[in-house]
Every structure is written in C-alpha cells, then in structure tokens.
There are 2 protein chains.
Amino acid sequence: MISTMQDEPLSLATLLKYGTTFHSDSEVSTWTGTDLRRMTYGELGVEAAKLANGLRGLGVGEGDRVATFMWNNNEHMAAYGAVPAMGAVLHTLNIRLFPEQLIFVANHAEDKVVIVDGTLIPLLGKYLPSLKTVQHVIVANGDASALEAPAGVEVHSYTDLLAAQPDTFEWPEIDERAPAAACYTSGTTGDPKGVVYSHRSMYLHSMQVCTSNGMALSDADKTLAIVPMFHAMSWGLPHAALMVGASLVMPDRFLQPGPIAQILAAEKPTFAAAVPTVWLGLLQHLDANPQDITHLRNVVVGGSAVPPSLMHAFKEKHGVDILHAWGMTETSPLGSVAWPPAGLSDEEAWPYRYTQGRFPSNVQARLVDDDGTVVANDGEALGELQVRGPWITASYYSPDGATIDPDKFDDGWLRTGDVGKISAKGFLTLVDRSKDVIKSGGEWISSVDLENAVMSHPAVAEAAVIGVPDEKWDERPLVSVVLSPGQAATAEELRDYLSDKVAKWQLPERWTFIEEVPKTSVGKFDKKRLRAQYGEGELEITSLV
Amino acid sequence: MISTMQDEPLSLATLLKYGTTFHSDSEVSTWTGTDLRRMTYGELGVEAAKLANGLRGLGVGEGDRVATFMWNNNEHMAAYGAVPAMGAVLHTLNIRLFPEQLIFVANHAEDKVVIVDGTLIPLLGKYLPSLKTVQHVIVANGDASALEAPAGVEVHSYTDLLAAQPDTFEWPEIDERAPAAACYTSGTTGDPKGVVYSHRSMYLHSMQVCTSNGMALSDADKTLAIVPMFHAMSWGLPHAALMVGASLVMPDRFLQPGPIAQILAAEKPTFAAAVPTVWLGLLQHLDANPQDITHLRNVVVGGSAVPPSLMHAFKEKHGVDILHAWGMTETSPLGSVAWPPAGLSDEEAWPYRYTQGRFPSNVQARLVDDDGTVVANDGEALGELQVRGPWITASYYSPDGATIDPDKFDDGWLRTGDVGKISAKGFLTLVDRSKDVIKSGGEWISSVDLENAVMSHPAVAEAAVIGVPDEKWDERPLVSVVLSPGQAATAEELRDYLSDKVAKWQLPERWTFIEEVPKTSVGKFDKKRLRAQYGEGELEITSLV
C-alpha cells in the first residue's frame, strides 16, 4: 500500500502568494522616527513581484545569493518575500559583524547582489572593495549616488529599479529542499559559520510560530519585530506573519527605548520580540515615562537568559507576560518556548516561566554527558543539549564540500554547546556553556550557578568561575571575586556563605580576589583570558582544604 | 548552495513518543454511560507499546493493514498511536457502511487484522466470513469468546494479548511518505474509494489543527471528539492532541443528545467537534434540559452545511461560538475553517461565520467553470472547487495500479464536486454539488439557492430543483414543489414571490407540484430519481413564458 497524498512542496512562493492575496489588508509598516510608512500585504505582493523582476533583470537566477544589509523595514520585508520565492537565496548580512567577519561571510556565500539601506551606505562602502563576488548594489531608502562603487559593481536605486518592472511575477515551483535563506553565526571563535535554511525548514518553522505552543501568531496580532531581520530571520516572524495575516511593525534603525516606547504608543502592537537588553532598557524608560502597554498579549524574549526579575517587573508593573524562549541560528531559531502548562495559578506558573521553555514535537532534544551517554530527562541530570528536527542544521555550509566544525554534530544531532537539564515534562533549564562547565569527579558543576550564588553575597560586585586542573577530581572550580568598593570578605567567609546554597561537594576550595573580571568586546566574562592568567600563574590563589 | 538542514522525517512515531512523554499527564477518557474510564498519555504510551508488540507477535509487519471496527474510545486511541508508529497502516472501518461496501473495503485494503469493540461483535460477525484477508480479530471492551470465527481466523482478547507484552517498543524510523492510515469514502455511487494518508500528510495536518487559523488546539483544551474516529480520522483531533498535549474525551457509543449533555456536564470540555445533526439534537435537548455549556470555547461543525439558525441559537442561547468548517475524506479533512477576520464586531463577523471558511496557506484552492477556465476569487463567480496541498489526495488507492475515477483529478488538483464562490479574502461559500448545478446559457444557477428561496414561501413545505434540457439555454431549472397541508399557491404566484430574491434570468419557467420529494436512504433529496421521473414524462409541468 502506498500513500495517495499529493507531493505538494512546502514552498515560500506558495506562502507569499497566499499572504499577499487572502490577507491583502494586513500590513507591514515601518517607523520613520515620527510616524509609520504603511504597506498592505496586497501592496507587498506587487512590490515583491517588481523586486523579483528587477533582480532577474540583473541576472539573478536560481540559487544565486541576494544579500541584504538592512534594518527591519518594508523593503527588507519585500526582499524576504521576493528572493526565496523566485528561487534565489536570501543572505541576511549582520550589520554588526566585525569588518573582517562581514567580508568573510559575503565572500564565503558568494553574494551576487546586495540590497542596502541608505543609512548604511557609509558602513557598506568600507567593505565593498573587498567583496569579491558582488556585481550589483541596490540602495533602498536613500540616495544611490551617495555610494561610490568599486570597478565591476553597478549601483542601482531600489525605487528606480522597481518603477520599470511589471507588477506580477511567475513564481516558480520550487523543490522544498532547495535553499531559501542563509544566515551566518557570529561565533566568538573562528570564522563565522553558514546555516542555509530550506523552503521546507522555513515553511515548517512558520507553522510552528503560528501554533499554540510556538508563538500562537494569528491575524489578530500586530507584531513588533525588534529582533533584527539579519539575526536568525527575525525569529521567523516575517514569514509566519504571511501565513496567517498577522500585521508587522518594523522599527527600522530606531532601537532605543524612547523610540520603541513611541512605536508602542502609536501602533499598540499585540506581540513583540527582542533580546533581554531591549526589554531592560524599555523597563527603565517606562519607569521614568509611564505608558500603558497592556495591548501586548505577550512578548517573546530570547537570545540570552532572561532574568526572572525582568519577567516579574513586566508582569507586575505593566501586566505583560514575557515568554522566555530558547533557540539559535542553527535551530531556525525556535527551539523551546516557556508557555507554562495550562491550568496553573500565576504562582505555580512562575517556575515554568523561568525555564528556557518546553520543546515542541518538532524539536527532539537529549542531554549527553562527557562519556557520550544520554542522561535522563528528570529535571536534575545535567548534560550537553543536543537537538534534531526538520528545522535544525545538519552541517555548516561549505562551498567546496569540506566539513566544517564536525565536532558540532553527533550522529545526526546538533550539539548546542549549552549544558542544562530537561524535566520529565520537557522543560529545558540551561545552566552553562559546555566549555565553561566544571567536570569534577564525573559530576558537572555549573559555573554560572556558582557565580550567581557568590554574587548574591552583599560584599561581592562580580564573580567569575572557571575550572582548573585537580589531581584527585580532574577539575575543580576557581572563583575570581571582585569585591564591592569599601567591602571586605575572606574566602572562608564566602565559602561558608555558600554552604546552604550549593551541594557540599560543589563548594569551591580555590579563590582569588581581583580588581576586575576581564570582559569580551560584547561585555561578557572573558573566561578564556581568566584561564590564561591562571595558567601563567598571574592569579594569587587562596586554597581552603 | 545547498540547504544545510537535517532531513528529519515528519513521523507519527516521533509524535507518539513526544505526546506520551512530555505531555504524560494529559488524558484520553471514555464515557461508560455513567462515568469515565481515564488513561493518561503516559499510560497510553505503554498501552500503544504493548499493542505494537502484540501486533508484531501476530505477524504484522511494515505496511500491513490493521483495521479498526470501533467507537471512539481509549483502545481506539491506542490503535491510532501504535499502528502508524510501528510502520503499519491503520484502516478505520466505517461501521455504518452498507454490508457490501464494508466487505468491499476490507477486502480491497487487504486488512490482515481487525480490532473490534465488544458491542460491535454482532455486526462484524456477519461480515467476517466474507473478509478474505483477515487472519486475526482482536476483541476490545468485550468478550472475545462471543465471536464465532470462520476457519483461518484467530480471535484474541485485547486485554489478554496486551497483558503478555513488554511495555516499550522500539518505534522505527519511518519514511515520511510511507502510508500511515487509510480511509474509504462512502460515496453514493460506485464502490467506496480509498484514501491513504502518509506520515507527512498527517503530521502536517496535526500542525494545522494546532495552528491559530486551524482549530487552535492547545494543552489548555479538553476536546470532546464526537466525530467518529472511523470518519476522516476524527477530523485529525487524536494526533493533534498528542502534538500539544490536549486532552481527549471520547463518547464511545453514547452519541444521543442526552448522553452528550451528560458528558459535557461531567467533563466540561473546552472544545468539541461533530456534524450539524448532533448539534441540532443537543440544542433541542438543552431547550428541555437547560445546562451551562459556556466551558466550550468553540465547537467545530462540518460534514455538511451548518444552518445559520443553529449558529445563532448556540451563540445567543448558550454563548458558544460554532466554527463552520469544510473538508472531506480526500482532504484529511481540514480544508477551510470559518474564523471571522480579527477585529470585527459580532454583527460584522456573522457573514463570515456563515461561509464554509477561509483556506489556510497549505490548502490552495481554485474555482473552475464548465470550460475548464479558472474563474476569479471575487465572491461572485461560481466554479467547481478544486484544491491542492500536502494533505490532499492525488488519487484513489488501487492495489493493481489501475487508475480509479480519474475524472476526480485535474492536472494535480482534486476536484471536490462542490460548486461555490471564493471571496478575495479567501472565504469559501458553497452553493451546490457540481452534478446538481444548472448550466443556463453559460451561467450557473445554484439548485440549492433556488430551493431555499422557494421554501421560504409560507405555503411551501419542500422544493427540489433540477436542471432540464432547454433548446435555447441548454439547461433551465425545473422546480418540484410540495405544498404544506391546507396551503395553496400557483406557479405564477411562486415565481412572483421569487422576483426580488433571485436574479431575473434565474427565475424558473418550469414548475411541477408533487406529493413528496423522493429521498435517498440518508434523507437527502434524490435528484437522480426526480430526473428519471422527468425523463419518463411522469411529472406534470406548468410552463410560464
């Protein structure tokens, strides 16, 4: 017996046609600093068709890479619609990459065209002479003549290019496994690594965003997409919005708390998505400038762990539920979302909200310990999180077929590099990065948990924990403490303080007092440097036995 | 550039494992007539594993058909879980088929095993000697010794078979295009036709049921699945429930209004699904026996058109929103669901609720007229509805590869046999079956619309409209009228009455007054017989010119 079902591909071309016809009154709109530039999805359909015709006129064919170097705005949305649907590949360049990384990724992906926002011309202009494969630059929202192009690169005005084009396009039938979009991780070590999403993966991911345990996006939503469109496809919101006719509100380059508050007041979105720092900034702004934001049914926050205090502040001061979520570029990015189980009281629900969330059926997850053994999902056992599923990457993009970073993959599973625990009900709690976890006598100690425990002492300003070699236990924690100005505490006192906060076998013997924790360029603890200082004998260690 | 995404199959085995672990506290429960037999999804996981082991012990291998002849209950749910997940094919036998049809489908599908409810033994027993491929019958919820088996057929007790089995099963990796379940249409003409769902189609359909514009099923839902599990997979609810941890309430054989009201009172489900007659019956029951049913957030009603009066009664008397939906066995069945566009007042929303609903992105739809031309989605032009998508059938199952009923397919689209119109926003309104629509001078006249208009006259009890040959217009309507007892009306009077209700060119010239409209066995107007009576000159026609 064989299935009689149609073999209809999951295609972003189908999705674009659908959203721009049956939901033609829904809108994408972009903040200008004072008001909004509005475009209905009906108009978006025409704009995407004109863009696709324009790109084809420039020689863009199946599988060719069209890069964007843009803020979140209407024109970027047109590229999201047109480029995959015409069979080309949308490569969203992260405008915040270091110059050498930006140049690397554009050359590695062999981008043929770059669409750039006028305000980003100065930035792109610096890199352009080093981009070896770029033949065309299209300037949106600005003056094309402001860009000095190197030899061999033609510059076009987005407006002029589109003006001359037909307003329909014969969107092709596309194999669902064909590439649709590419995104590079901005890893802190080594070259950025390319993740290439397929039509299938993006279509399924869009469905998940609209599912009750994803983001439950619907046509009742007006979604403020603060998370950049150059960062993991704006968490999948643009394509999901087309799927159900949710409207989109785009902040363009206005990402500071003041403008975000203005956009909230002007548009009263029902849903929003951004990293924790955006919400921290907004919270402080709202403390000084009160404003009703109860129009937000939920805001989804991910990218890094959300402090419980932030969630409580939004709930208790503003009546807004933060949805903690976990994912990464390699996971499209929707991994887990912390909807608490239904039917709980607020008080019972909080512990679930603090977690990184519950996995949906499409994201299989397991925890693997140092020996390669899968540990139980019992809410206690720690392991490195590994995931698999139809929108999880199987490898990094390699133009010549060479395998990149094979250690990130384990028998068909993606190694996330995160260490955590999973409850019997599928809720994930991350405790550390795998490279930072301390492996002591076969058990794992979370450096982050220890740091948080030490930092809760009133005399401590900062604390960073790294693993150092130990003859008996292989590895033991070393705590580097920065005392608050005018405060004093000894290693003994701090260890006593920890005695009812962490398990006895985790209590650190090794302590050092330093002036400042070394930081990376983005302000995270630089544990690599701490390890080097320890290795060079630069740290003065107190050993308690 | 190629996609780097994992090629993880969409598999009901993955879904079963997911739902029975991470949502192990959710429940399926079955009404016994007085209370509920409860089974958690954790217990369901064990039961499914035992059933899979038991079936394997009986020789069920990959692709083998395991039929069910059962009501909606816990054991049927175990079969829904186990059979596809072990790589076999679940064939849900419709207990209401005519005997010769039931025998045809079991032989056509080559069912190897039948699981039967104890209460259905007398019914199955009659057919069993004619089922040529069945080797094993498993009796659930009843006494296996009550079944007299023909030679070559072994009878097993479900309970005894499972008792001996291990409580885990190594669920295999399954190609997503492999068959998962089969369902035969109970067409009124010809042999029943087999639709074979794949793991891919059922997984995607489950996602749609949990999507905001599908049924928005979530773990907050307790779903009363009245629509039979032998009818288009209970509209996809069982597998969708596993996907998000929604609980299921099963009515078993207690389908009358009284027991349904008892189940509602006992379990207070949030969601329910059934055909219109069930809701009509419940409405009458509630009129006589008032009961609060506001725990129902929505009920989805499909299978045939829902009278607006029924929707209004549920909303206005009971505060419950009926969701009108359209689909068929060939469409898995979720086609369109009548969620009104967001943001409308109740009054503005009603016209949308009356429609058959809006299509989701996964169900592409077009209307095709008699010449094979695709007509506009303008809410006016009529055409036969054709659909395509990943959970729409491409053909009917044929064991020997012969093509069955090729006229039902048109260049990759399924011809639904329904005539309707689609609005610019994607809302479907069906007006007729394509074989009943009247083709007059190149334009189409809905027989159903004309019947409803005539039947709104106070003197008319029933009216049936068929198309009859016409020299000038090819076809024109003939109205067969049954007057109410003691009422009188002439053809002229009735035509005058219609003059402000239908377009002038649609006004019928031909009328006949009859004692009774001939009916089919299920109570529908038998237009085939009316056409025959007209052809034989048995009807006395009044012609107005």
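Could you say which residue among A:Leu280, A:Leu255, A:Leu264, A:Leu296 is surrounded by fewer than 24 Cβ atoms within 10 Å (Cβ to Cβ) and modelled with pLDDT under 95?
Numbers: A:Leu255 fails: modelled with pLDDT under 95; A:Leu264 fails: modelled with pLDDT under 95; A:Leu296 fails: modelled with pLDDT under 95.
Just a single option satisfies the conditions, and that option is A:Leu280.
Would you pick out the residues in segment B:521-539 that are in contact with a Ser or Thr (Cβ under 7 Å, 6 or more places away or on another chain) and either at pLDDT 95 or above or not charged (D, E, K, R) (or both)? Reasoning before the result, please.
So the first thing to find is which residues in segment B:521-539 are in contact with a Ser or Thr (Cβ under 7 Å, 6 or more places away or on another chain), and the list is B:526, B:530, B:539.
Across segment B:521-539, the qualifying residues are B:Leu530, B:Leu539.
Give segment B:209-225 a look and list any residue that's of a type outside the set (Asp, Glu) and open to solvent by 10 Å² or more (accessible area, probe 1.4 Å), or say none.
First, pick out the residues of segment B:209-225 that are of a type outside the set (Asp, Glu): B:209-218, B:220, B:222-225.
If the condition is that a residue be of a type outside the set (Asp, Glu) and open to solvent by 10 Å² or more (accessible area, probe 1.4 Å), then B:Ser212, B:Asn213, B:Ala216, B:Ser218, B:Ala220, B:Lys222 are the ones that fit.
Could you say which residue among A:Pro458, A:Pro399 is in contact with a His (Cβ under 8 Å, 6 or more places away or on another chain) and either free of Cβ contacts under 8 Å to residues at least 12 places away in the same chain or open to solvent by 10 Å² or more (accessible area, probe 1.4 Å) (or both)? Steps first, please.
Values: A:Pro458 fails: in contact with a His (Cβ under 8 Å, 6 or more places away or on another chain).
Only one candidate qualifies: A:Pro399.
For segment B:511-539, how many residues are surrounded by 13 or more Cβ atoms within 10 Å (Cβ to Cβ) and in a helix (DSSP H, G or I)?
7
Taking B:Gly190 as the residue in question, decide whether it is at pLDDT below 95, in a loop (DSSP other than H, G, I, E, B) and not β-branched (Val, Ile, Thr). Outline the logic, then answer.
Values: at pLDDT below 95: yes; in a loop (DSSP other than H, G, I, E, B): yes; not β-branched (Val, Ile, Thr): yes.
Yes: the conditions hold for B:Gly190.
Of everything in segment B:355-393 that's surrounded by fewer than 18 Cβ atoms within 10 Å (Cβ to Cβ) and touching a residue at least 60 places away in the same chain (Cβ under 8 Å), which residue is farthest from the other protein chains (Cβ to nearest Cβ)?
Among those that are surrounded by fewer than 18 Cβ atoms within 10 Å (Cβ to Cβ) and touching a residue at least 60 places away in the same chain (Cβ under 8 Å), it is B:Asp370.
Answer with yes or no whether A:Ala149 is among the hydrophobic types (A, V, I, L, M, F, W, C), touching a strand residue (DSSP E or B) at 6+ places or on another chain (Cβ under 6 Å) and surrounded by fewer than 24 Cβ atoms within 10 Å (Cβ to Cβ). Don't jump to the end; show me each part of the working.
Details: among the hydrophobic types (A, V, I, L, M, F, W, C): yes; touching a strand residue (DSSP E or B) at 6+ places or on another chain (Cβ under 6 Å): yes; surrounded by fewer than 24 Cβ atoms within 10 Å (Cβ to Cβ): yes.
Yes; evaluated as a whole, the condition is true for this residue.
Out of the residues in segment B:402-417 meeting the condition of being touching a residue at least 40 places away in the same chain (Cβ under 8 Å) and among the acidic types (Asp, Glu), tell me which one is farthest from A:Glu176 (Cα to Cα).
Checking each candidate, the answer is B:Asp405.
Take segment B:418-435 and flag every residue that is open to solvent by less than 40 Å² (accessible area, probe 1.4 Å), β-branched (Val, Ile, Thr) and either within 12 Å of chain A (Cβ to nearest Cβ) or touching a residue at least 40 places away in the same chain (Cβ under 8 Å) (or both).
Residues satisfying the conditions are B:Ile422, B:Val431.
Give just the number: which of (1) at the interface with another protein chain (Cβ under 10 Å from one of its Cβ atoms); (2) farther than 16 Å from B:Glu384 by Cα does B:Asp346 not satisfy?
Here B:Asp346 meets the rest and fails (1).
Does B:Val113 satisfy being open to solvent by less than 50 Å² (accessible area, probe 1.4 Å), in a strand (DSSP E or B) and of a type in the set (A, V, I, L, M, F, W, C)?
Yes; evaluated as a whole, the condition is true for this residue.
When the residues of segment B:193-232 are filtered to those that are farther than 27 Å from B:Pro341 by Cβ, assigned to a loop (DSSP other than H, G, I, E, B) and of a type in the set (A, V, I, L, M), which remaining residue is farthest from the other protein chains (Cβ to nearest Cβ)?
Restricting to residues being farther than 27 Å from B:Pro341 by Cβ, assigned to a loop (DSSP other than H, G, I, E, B) and of a type in the set (A, V, I, L, M), the top hit is B:Ile226.
How many residues, within segment A:336-345, are free of Cβ contacts under 8 Å to residues at least 12 places away in the same chain and either within 12 Å of A:Phe427 (Cβ to Cβ) or surrounded by fewer than 17 Cβ atoms within 10 Å (Cβ to Cβ) (or both)?
Restricting attention to segment A:336-345, the residues satisfying the condition of being free of Cβ contacts under 8 Å to residues at least 12 places away in the same chain are A:342-345.
This time we only want the ones that are either within 12 Å of A:Phe427 (Cβ to Cβ) or surrounded by fewer than 17 Cβ atoms within 10 Å (Cβ to Cβ) (or both), so: A:343-345.
The total comes to 3.
Only one of (1) within 10 Å of chain A (Cβ to nearest Cβ); (2) farther than 19 Å from B:Ala82 by Cα; (3) among the hydroxyl-bearing types (Ser, Thr, Tyr) fails for B:Tyr184. Which number is that?
For B:Tyr184, the exception is condition (1).
Any idea which of B:Leu16, B:Leu93 is more than 14 Å from chain A (Cβ to nearest Cβ), of a type in the set (A, V, I, L, M), buried (at least 23 other Cβ atoms within 10 Å of the Cβ) and under 26 Å from the mean Cα position of the chain (by Cα)? Quick ask: steps written out before the conclusion?
On the way: B:Leu16 fails: more than 14 Å from chain A (Cβ to nearest Cβ).
None of the others qualify; the one that does is B:Leu93.
For residues that are in contact with a helix residue (DSSP H, G or I) (Cβ under 9 Å, 6 or more places away or on another chain) and open to solvent by less than 60 Å² (accessible area, probe 1.4 Å), tally how many sit in segment B:476-510.
As a first pass, look at segment B:476-510 and keep what is in contact with a helix residue (DSSP H, G or I) (Cβ under 9 Å, 6 or more places away or on another chain): B:477-481, B:489, B:494, B:497-498, B:501-502, B:506-510.
With open to solvent by less than 60 Å² (accessible area, probe 1.4 Å) added as a condition, the list becomes B:477-481, B:489, B:494, B:497-498, B:502, B:506-510.
Adding up the residues that qualify gives 15.
Being at pLDDT below 95 and among the hydrophobic types (A, V, I, L, M, F, W, C) is the filter here; which residues of segment A:496-512 pass it?
Of everything in segment A:496-512, those that are at pLDDT below 95 and among the hydrophobic types (A, V, I, L, M, F, W, C) turn out to be A:Val502, A:Ala503, A:Trp505.
Determine which single condition A:Gly45 fails, assuming it passes every other condition in (1) open to solvent by 20 Å² or more (accessible area, probe 1.4 Å); (2) in contact with an Asp or Glu (Cβ under 9 Å, 6 or more places away or on another chain).
The failed condition is (1).
Looking at B:Pro485, is it outside any strand (DSSP E or B) and not assigned by TED's automatic domain parsing to the domain that holds B:Lys527? Walk me through it before giving the result.
Numbers: outside any strand (DSSP E or B): yes; not assigned by TED's automatic domain parsing to the domain that holds B:Lys527: no.
Here the answer is no, as B:Pro485 does not meet what is asked.
Return a yes/no flag: does segment B:22-41 have any residue that is within 30 Å of A:Ala182 (Cβ to Cβ) and within 11 Å of chain A (Cβ to nearest Cβ).
Kept after step one, since they are within 30 Å of A:Ala182 (Cβ to Cβ), are these residues of segment B:22-41: none.
No, every residue in segment B:22-41 fails to be within 30 Å of A:Ala182 (Cβ to Cβ) and within 11 Å of chain A (Cβ to nearest Cβ).
Starting from segment A:515-533, keep only residues that are within 14 Å of A:Val481 (Cα to Cα), then list their pairs with residues that are among the acidic types (Asp, Glu) and outside any loop (DSSP other than H, G, I, E, B) whose Cβ atoms are within a distance under 9 Å, requiring at least 6 positions of separation or different chains.
A:Glu516/A:Glu462; A:Val517/A:Glu462; A:Phe525/A:Glu451; A:Phe525/A:Glu462
The values are calculated or read from the model by the stated rules, or taken from the named source; none is laboratory data. Because the structure is predicted, anything quoted here is derived from the model rather than measured. All Cβ positions, glycine included, derive from the backbone under ideal geometry; neighbour counts span all protein chains shown. Quick note on the areas: whole protein, heavy atoms, side chains included, nothing else; ligands and nucleic acids left out. Shrake-Rupley method; radii C 1.70, N 1.55, O 1.52, S 1.80 Å.
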